Ligand SMILES: N[C@@H](CCC(=O)N[C@@H](CS)C(=O)NCC(=O)O)C(=O)O
C-alpha cells in the first residue's frame, strides 16, 4: 500500500510517501551508500554511520525491551495510523497507553528523536516524539486510506485518539467525561494542566538536581511533594463530595473507578519515580505512614499511594514499559544533568518545557 503524507504546517516540504517505511518522493540516500534510507534506520544511526559524534542522548539504547518490546512488535506491521516513538520517553508512553487502553490498531515505529533527520522534522517541526501520522482521507470506492497527516504534542494526540476512535463498542469508554458533564470535563483538564505545568517540570528539576544548582535538593523535594499533595487532595475531596454525575466512588483513579486521561497524563512519571530513588540522595522521600505530620497529610499521602498502586499496576501502563534497568541507564544523563534533550536544556535554563 502506498499512502501520501502532507504536513499541514509545512506545505513546502517534500511530500512523503508511505510504503512499509517512509521515503521522500525524491528519496534521501544513505550517507554511506547510494541506496534510499528508510526513516526508521536513519534515526537509529550510530556514531559510526552519522557525521555527528554520538552524544549522551543520540547514543541511547535503540529499542524497547520487556513488555514494551512485545507490544511494539505486535504493532510493527504497516498500518496507516503510525506512532513514531522512543521507548524511553514518558510523553510517548502517554500516547502508547492511550492506544493500548482503547485497543486501537496502529503501527509503532521506534526512532531516536535526537538525530533530527529532515524527514522527521518534516513531520514534526519541533523534532519531538511522540509524533503521529493519522489517516485523513479514504478512497470512497475502495475504502483504502489515500492521505495521512502528522500530528504531535502528547496531550493533543491522546485527545485526538479518544475523539477519532470513539465508538464504545469497539474502543471502550471515552477517556474524558462526555455528554453534558462540561464541568467534570473542565475539572479533568484543570488537573491535566496541573500535571503538565507543575508536577512534570518539578520532576525534571528534581532528577536534574546537582549540588551546584541555585536550589537545594530539600527545596525541590518539598516543591515536588507540594504538587503531588495538591493532586492527591483534589482526588480526596472530589470523591467525598457529590457532583453532577451523582455520588462518585472513592478511588483508586482520579475519577474513582474509571481510568481516564488525567491518570494517563501522569502515569509515565509515576512509573519513573523509582529513578529519583535510585539517583538522588534521600530519594522521592514520601514520609512513611504514621510520620506524615497532620492527620490531613496522612490521608492525602494515603490517597496518593492508592492512586500510585492502581496506575502503576494498570495493564496498559505495564504493557508499554521496558525493563527497569534500561531506564536507569537512559536517565543517567538526566541525573548527571548532562542531557542535551530539549526538556533537559529547558529545565537547566529555567524555561518552560517544550
Ligand atoms: N511537549 C511534548 C514533549 C515531547 C518531548 O520532549 N519528547 C522528547 C523525548 S522524551 C523528545 O522528542 N526529545 C528530542 C529532543 O529533545 O531533541 C509532548 O508533550 O509531546
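No lab work stands behind these numbers, since they all come straight from the coordinates. Note that the structure is a prediction, hence the values are computed from the model and not measured. Here the Cβ is made from the backbone with ideal geometry for all residues, glycine too, and neighbour counts use every protein chain on show.
Between residue 349 and residue 312, residue separation times 0.36 nm minus the direct Cα-Cα distance comes to 10.2 nm. Shape analysis of segment 60-159 based on the Cα gyration tensor places the equivalent ellipsoid semi-axes at 22, 17, 12 Å, largest first.
Legend: calculated FRET efficiency, residue 338 to residue 218, from the Cβ-Cβ distance at R0 = 22 Å, rounded to 0.05, equals 0.40. Once both labels are modelled 7 Å past Cα along the beta-carbon direction, what's the residue 329-residue 295 spacing in nm? In this crude label model, residue 329 to residue 295 measures out at 5.1 nm. Over segment 72-124, calculate the relative contact order: mean separation of alpha carbon pairs under 8 Å at least 6 apart, over the residue count, as a percent. Once normalised by length, the contact order is 47 percent. Contact order for segment 182-348, expressed relative to its length and based on alpha carbon pairs under 8 Å spaced 6+ residues apart, stands at 29 percent. Label separation (residue 138 vs residue 61): 3.9 nm, computed from points 7 Å beyond Cα along the C-beta direction. Distance between the 7 Å Cα→Cβ label points at residue 237 and residue 170: 4.1 nm.
All Cα-Cα separations within segment 182-348 were binned at 10 Å from zero, giving a P(r) of 9, 36, 36, 16, 3, 0, each value a whole percent of the pairs.
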